[in-house]
Amino acid sequence: MDLYASIFKRKACRDFTQETLPEEIFEEISQAIEGFQPLYPDVPLRYRFVTQTKGLFRVRAPHYLIVSGEGRDGEKESCGFIFQQLTLWFNAHGIGSVWLGVAKEKKHGRNQRDLMTLAFGKTKGSVDRRIDEFIRKPIGQITNAVEDLCVRAAHLAPSGLNLQPWYWEKEKERVLLYEKKLCFPFSLVYSLSHVDLGIALCHYALACGHINKPFQFKRVDGQDAAFKKKGYRLFGELS
Ligand SMILES: Cc1cc2nc3c(=O)[nH]c(=O)nc-3n(C[C@H](O)[C@H](O)[C@H](O)COP(=O)(O)O)c2cc1C
């Protein structure tokens, strides 16, 4: 399954038919998830399928997948990393999907450990878009390595409110990934930047796989005195 190819055509789908998918697809989805590369092998995540959700910015769809954790560090980026592979897998199978940040299961409300929801199903229109239809910041605003194939794949990653809260700084032997500190009012209402960073890392890793380059990510917290861009904090290192 070429998930890499889907990076360049996937789009958030919000216009679903209410037709349910065949029963066997759920087993296929579960098998696909088991085969996806994890970001942190020691951060376990669970997921469940539900058919009804409620909450702000919800999208009506025949199916939802809710990801939950155990309250460990790293769960948000891990969730973005693993389940972005699923959104690309959906795209490759002609199934539409969209990440939902605040939707909750209708029956039980939000479990404290729930991290994210994915709405998915058959769509009324295409699940694909052309490369010139992506709305993203100019690549020079998110990296000093505009020609790097892996960073170019990360540039197309979706993010909540399309904020793209990242900067990829290429040095000789490594790439440093920075998280953009959000400005008011986003800083008050948006807490999913680490999911976004995990999603972008997923695109980066798939591009590494595409060119047979090893992908190694290490989480590093804090400031980097050498980095001159204001309003960013160090998030991790790729070597
Ligand atoms: C963490 C996260 C949360 C999101 N939450 C919502 C949401 O609640 N409702 C919605 O319609 N779209 C949501 N989206 C979809 C984004 O708005 C969409 O991915 C972004 O605008 C980029 O568009 P694209 O996915 O078509 O490239 C979310 C995306 C991410 C990554």
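Can you tell me which residue within the stretch 173-199, out of those that are within 14 Å of H155 (Cα to Cα) and in contact (Cβ under 8 Å) with a residue 60 or more places away in the chain, is farthest from the ligand (Cβ to nearest atom)?
Here the answer is L177.
From L149, L238, L177, which residue is over 30 Å from P22 (Cα atoms), among the hydrophobic types (A, V, I, L, M, F, W, C), surrounded by 12 or more Cβ atoms within 10 Å (Cβ to Cβ) and in contact with a Gly (Cβ under 7 Å, 6 or more places away or on another chain)?
Sole residue among the options that is over 30 Å from P22 (Cα atoms), among the hydrophobic types (A, V, I, L, M, F, W, C), surrounded by 12 or more Cβ atoms within 10 Å (Cβ to Cβ) and in contact with a Gly (Cβ under 7 Å, 6 or more places away or on another chain): L177.
Within the stretch 193-204, does at least one residue satisfy the condition of being within 14 Å of R174 (Cα to Cα) and under 17 Å from the mean Cα position of the chain (by Cα)?
Yes, the conditions are met somewhere in the stretch 193-204.
Looking at the stretch 54-66, is at least one residue surrounded by 13 or more Cβ atoms within 10 Å (Cβ to Cβ), within 16 Å of the ligand (Cβ to nearest atom) and either β-branched (V, I, T) or without any contact (Cβ under 8 Å) to a residue 12 or more places away in the chain (or both)?
Yes; the residues of the stretch 54-66 include at least one that is surrounded by 13 or more Cβ atoms within 10 Å (Cβ to Cβ), within 16 Å of the ligand (Cβ to nearest atom) and either β-branched (V, I, T) or without any contact (Cβ under 8 Å) to a residue 12 or more places away in the chain (or both).
When only residues in the stretch 91-119 that are modelled with pLDDT of 90 or more and away from the ligand (no atom under 12 Å from the Cβ) count, which is surrounded by the fewest Cβ atoms within 10 Å (Cβ to Cβ)?
Ranking the qualifying residues of the stretch 91-119, first place goes to G94.
Can you spot a residue in the stretch 208-216 that is of a type outside the set (K, R), touching a helix residue (DSSP H, G or I) at 6+ places or on another chain (Cβ under 7 Å), within 16 Å of the ligand (Cβ to nearest atom) and assigned by TED's automatic domain parsing to the domain that holds A153?
no
When you scan the stretch 115-122, do you find a residue that is β-branched (V, I, T) and in the same structural domain as R219 (by TED's automatic domain parsing), even just one?
The answer is no, given that none of the residues of the stretch 115-122 is β-branched (V, I, T) and in the same structural domain as R219 (by TED's automatic domain parsing).
Could you tell me which residue of the stretch 49-106 is nearest to G209 (Cα to Cα), considering only residues that are in a loop (DSSP other than H, G, I, E, B) and among the hydrophobic types (A, V, I, L, M, F, W, C)?
Only one residue fits best here, namely I95.
Condition first: more than 19 Å from the chain's Cα centre (by Cα) and assigned to a loop (DSSP other than H, G, I, E, B). Now tell me which residues in the stretch 121-133 satisfy that.
Of everything in the stretch 121-133, those that are more than 19 Å from the chain's Cα centre (by Cα) and assigned to a loop (DSSP other than H, G, I, E, B) turn out to be K122, K124, G125, S126, R130.
Within the stretch 20-43, work out how many residues are acidic (D, E) and under 29 Å from I131 (Cβ atoms).
1
Only residues that are within 12 Å of the ligand (Cβ to nearest atom) and not basic (K, R): list them for the stretch 127-156, please.
Across the stretch 127-156, the qualifying residues are V127, D128, I131, E133, F134, I135, H155, L156.
The values are calculated or read from the model by the stated rules, or taken from the named source; none is laboratory data. Everything numeric in this text was worked out from a predicted model, so none of it was measured. Virtual Cβ from ideal backbone geometry, glycine too; neighbours counted across all protein chains shown.
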